[in-house]
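Everything on this sheet refers to the single structure shown next.
Every read-out reported here was derived from the displayed coordinates using simple, explicitly stated rules and does not represent laboratory data. As the structure is a prediction and not an experimental result, all values here were calculated from the model. So basically every Cβ, Gly included, is an ideal-geometry build from the backbone, and we count neighbours across all protein chains shown.
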Amino acid sequence: MMQPWNLTWQLATRFRKRRERSGFVSFISASSTLGIALGCMVFIAGLSVMNGFEKVLQERFLSLIPHVEFSAVDSQLDDAQKIIDISLAHPQVISAKRVIRTQGMVQQGAQFTGVQVQGVDTSQPQSIESYTDESTWQALQSTPQGVMLGAQLAKKLKVEAGDSIILLVAQNGNFREPKRTRLQVLGFFNFGGQVDHQFAYVKLDTAREMVGITTGTTAIELSLTDVLQAQRVANELGSQIQEYIYLDSWMRAQGHLYRDIQLVRVVMYLVLVLVLAVACFNIVSTLVMTVQEKQRHIGILATMGLRSKKIMQVFVWQGLQNGLFGVALGVIAGLLLTTALPDLMSLVQWLSGETLLASDVYFINQIPVQLQWLDVLLVAAVAVLMSVLATLYPAWRAAKTEIVQAVSG
């Protein structure tokens with residue numbers, strides 16, 4: 001014996017067959033399916049790009065930007081080691097490193113170029129190692145008066161490895177009597193964005209000479225397991241440190257990048273609902289015209305004992321079949337588009353001759369993509385839900401069909 005749900009499903013499938021419908025109804029039905037498929041495809045790819053940008057922000061950009069920083073109020077921290085010990089005791093902290101950060105100017109004749117000088121402890125692993133060659137990093141470790149420049153900064157200064165530069169560093173917060181230091185250019189790093197235009201790295205001892213301190217450091221940089229907890233961790237550690245210090249986290253200076261990504265994601269979710277609602281509106285049109293077209297069939301089914309509830313179920317299944325087919329097609333197309341998107345963008349750049357993401361402006365040079373199955377399931381679930389909601393009114397209309405009028409008509 002055929003199950004009731006199987007009967008209504010088969011009737012819905014029969015009503016969807018093209019030979020049972022007019023060409024216009026078939027066109028509207030195909031349009032609804034295609035609209036749902038396109039919506040799913042575009043939003044799966046779009047959300048994957050948002051995920052890619054968020055991943056690059058956390059894993060690449062924040063590799064050079066300290067997640068949390070404690071800096072001295074005066075010239076240097078009184079007890080940097082105690083701050084490091086307190087920080088490393090926190091479960092969220094991966095590493096705590098001494099750093100001296102100061103502003104400087106490279107003098108070339110009558111020209112001056114601003115530089116952000118980073119004095120780092122080369123005995124510890126540093127993130128900048130990943131963006132330069134091994135010989136340059138080894139040279140920085142062993143050369144007291146050496147400097148490693150950003151590639152774009154070196155190009156602007158027109159210097160090569162082995163050249164010397166004169167660096168002027170402010171003393172007591174002003175450039176009236178700057179400290180002049182001659183440094184040897186050891187090599188370059190390529191990170192991307194403004195970092196390559198502004199940053200220069202020296203050893204911690206070299207930086208101490210520049211700022212005029214014999215020992216100690218001016219700041220402690222922390223790396224965390226969860227970068228989104230940076231402000232909370234900074235506040236928790238700050239309450240344990242007795243010394244007067246400045247507390248800072250990447251969320252204050254660079255947090256707008258993350259907030260912008262999240263804002264775009266929220267907007268995309270809203271647009272997803274609206275676009276799928278428009279696409280599913282064609283399901284309403286299809287079912288309304290199908291109900292009008294199948295009045296006689298509905299009447300015959302009612303006289304054979306099919307209840308109104310089951311008649312309603314037939315048209316819910318019919319609309320859902322359109323939605324499910326569109327969702328399946330859209331998910332497959334979205335997965336393929338997401339996988340091929342970086343290559344497609346490279347092809348567009350090659351054909352147009354223009355760079356979409358210039359590495360000397362941004363810190364990446366291609367569209368980042370990261371597919372998350374939760375987003376795929378969310379898009380598919382929203383599309384299916386909208387498809388079901390779109391069937392309710394036409395299905396209700398079908399269930400209210402007058403039997404005598406439908407059969408006699």
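See the values below:
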| quantity | calculated |
| --- | --- |
| At most 16 other Cβ within 10 Å, DSSP loop - GluC sites (Glu not before Pro), the range 192-292 | Glu243 |
| Relative packing of 153-159, 339-345, which averages over residues the other C-beta atoms within 10 Å, highest first | 153-159, 339-345 |
| Whichever aspartates and glutamates have a C-alpha closer than 20 Å to that of Lys309, once near sequence neighbours (fewer than 8 apart) are set aside | Glu293, Glu402 |
| Area projected by the alpha carbon convex hull of the range 208-254, averaged over all directions, nm² | 4.5 nm² |
| Dimensions in Å of the range 82-180 - Rg and Dmax from alpha carbons | 16.1, 51 |
| Distance violations [Cα-Cα > 28 Å] among Lys158/Lys179; Lys155/Lys179; Lys82/Lys203; Lys82/Lys179; Lys97/Lys156; Lys97/Lys158 | Lys82/Lys179; Lys97/Lys156; Lys97/Lys158 |
